[in-house]
Amino acid sequence: MKRREFLNWVGVGGVASFLPMAIAACTPSGESTTEVSTPPDNFEAVGTVFELETQGQILNENFQNGAISVTRNPEDSQLLYAVNPTCTHNRCLVDWNAAERKYICPCHGAEYSPDGTVIKGPAEENLPPYLVKIEGEQVVVQAI
């Protein structure tokens, strides 16, 4: 084999090996050429869509040795919020007030928005958020 033929083969091989990366880089975001599945143990079922619709909130006090609260965004019902409902000021479990669309601490009156952001003190830290999604009829939250 001559050097020129060898270099042509190496060039073709190099291009062929980078072709999958080039295709992936050119694929618009949101589309994928291969299916990637999330391990089922990354998310934990905390309630049902029916529960969320009828009660306006899912409160699960057995999520990873703690509590989790799931609500819908008041502005966009397709968007869900999941937070740890333990007040960051005095460690009390906050109550979801559906009429006012906020969490209120029964101990000292601290208030939080549906996404856990502090609205009114004495709390200074937001409620810790979690990733949440709907899978079938289940509301699932990402376990840490």
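The values are calculated or read from the model by the stated rules, or taken from the named source; none is laboratory data. Keep in mind that what you see is a predicted model, and the values were worked out from it rather than measured. Cβ: placed from backbone, ideal geometry, glycine included. Neighbour counts: every protein chain shown. Each accessible area value is taken on the protein alone, full model and side chains, heavy atoms only, with ligands, DNA and RNA left out. Shrake-Rupley method; radii C 1.70, N 1.55, O 1.52, S 1.80 Å.
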So how many residues does the stretch 62-82 have that are without any contact (Cβ under 8 Å) to a residue 24 or more places away in the chain and either in contact with a Leu (Cβ under 8 Å, 6 or more places away or on another chain) or under 19 Å from ARG101 (Cα atoms) (or both)? 5
Filtered residue count, the stretch 92-110, keeping only those that are open to solvent by less than 50 Å² (accessible area, probe 1.4 Å) and under 20 Å from GLN55 (Cα atoms): 7
In the stretch 72-91, how many are surrounded by 13 or more Cβ atoms within 10 Å (Cβ to Cβ) and within 15 Å of PRO128 (Cβ to Cβ)? 9
